[in-house]
Amino acid sequence: MITLIISTVAFIILFWMFYTKFFGAEYYPAGKRVIDKAIEFSGLKKNEIFYDLGSGDGKVLLSACRKCKKAVGIEIDPLRVLWSRLKTKGKNIEIIKGNFYSYNLRDADVIFIYLRQWTNDRLEQKFLNELKKGTRIVSYYWKLNNLNPYKFDEKLKVYAYRI
Ligand SMILES: C[S@@+](CC[C@H](N)C(=O)[O-])C[C@H]1O[C@@H](n2cnc3c(N)ncnc32)[C@H](O)[C@@H]1O
């Protein structure tokens with residue numbers, strides 16, 4: 001009986017850790033140096049709107065919100081939405097529970113992504129169709145293959161693009 005309970009709990013935890021991979025990427029937090037570099041490369045300004053697609057625990061939003069008008073996260077995992085909303089309460093941060101493919105991103109000035117290569121490939125067309133001219137996209141680890149970065153750090157794997 002005990003073995004069954006332990007296996008079930010282990011299965012639920014493992015499932016929770018990895019199921020979002022099927023929507024775009026599993027959860028891995030970006031480190032502080034990467035976040036700082038991404039925000040620096042983006043040239044984020046006080047009057048601008050910043051998005052983190054797949055905002056995880058809200059850490060990227062907490063760094064970005066100090067430098068912009070509003071930081072918006074879109075996150076599919078309800079537990080991470082709940083946790084990040086608690087962490088970011090009272091700040092100029094909005095966290096939307098949902099799938100980023102379903103949201104129109106035309107009000108974005110800067111978008112941060114840390115996802116997977118196949119997700120970047122799929123998002124690239126959405127970005128080209130939807131974003132206003134001048135929007136910057138900063139991707140950590142994976143590139144946007146049909147755009148040329150205007151800034152990049154190959155060591156940190158941070159790539160900045162402009163529409
Ligand atoms: C690699 S983590 C990055 C978390 C955070 N952006 C960071 O850099 O620390 C990817 C996040 O995207 C979320 N995610 C994956 N596919 C998604 C989708 N289609 N819509 C919204 N969120 C998604 C996952 O739940 C996970 O929290």
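Bear in mind these aren't lab numbers, they're just calculated from the coordinates by the rules spelled out. Because the structure is predicted, anything quoted here is derived from the model rather than measured. Heads up, the Cβs are rebuilt from the backbone with ideal geometry, glycines too, and the neighbour counts pull from every protein chain shown.
A few comments on the model shown:
- Potential extension, Glu40-Phe23 segment - 0.36 nm per residue separation minus Cα distance: 3.3 nm
- Taking a span of 18 Å or more along the helix axis (Cα atoms) and a mean Kyte-Doolittle hydropathy of at least -1.0 as the rule, the DSSP H helices of the chain that qualify are 2-18.
- Estimated vicinal HN-Hα couplings, Hz - region 62-68 in sequence order (Karplus 6.51, -1.76, 1.60; Gly, Pro = x): 5, 6, 5, 5, 5, 10, 9
- Relative protection proxy for 80-90, 11-21, from highest mean packing down: 80-90, 11-21 (other beta-carbon atoms within 10 angstrom).
- Here region 23-162 was treated as a single set of alpha-carbon atoms; its pair distances binned every 5 Å from 0 give 2, 11, 23, 25, 24, 12, 3, 0 percent.
- Sorted fewest first by neighbouring Cβ atoms within 10 angstrom, Arg106, Arg116 come out as Arg106, Arg116.
- Whole-percent pair-distance distribution, where bins are 5 Å wide, for the alpha carbons of region 1-104: 2, 12, 20, 20, 18, 11, 6, 4, 3, 2, 1, 0
- When the chain is described by a simple charge dipole with +1 on each Lys and Arg Cβ and -1 on each Asp and Glu Cβ, the residue from Thr3, Asn47, Ser84 located farthest towards its positive end is Asn47.
- Amide H contacts of Asp57: none lie under 5 Å away among residues 5 or more positions distant or on a separate chain (H built 1.01 Å from N in the peptide plane; Pro and chain starts excluded).
- Among Phe50, Phe23, Phe41, a tally of other beta-carbon atoms within 10 Å of each Cβ gives an order, fewest to most, of Phe23, Phe41, Phe50.
- If you count Lys pairs in region 8-50 whose Cα atoms are under 22 Å apart, skipping same-chain pairs closer than 8 places in sequence, the total is 4.
- Under the convention that each Lys and Arg Cβ holds +1 and each Asp and Glu Cβ holds -1, the size of the dipole of the chain around its Cα centre is about 580 debye.
- Counted charge near Tyr161, where neighbours are those whose Cβ lies closer than 12 Å (Asp, Glu -1; Lys, Arg +1): +3
- Cβ-based exposure ranking for Leu147, Leu53, Leu79, in which fewest neighbours within 10 Å come first: Leu79, Leu147, Leu53
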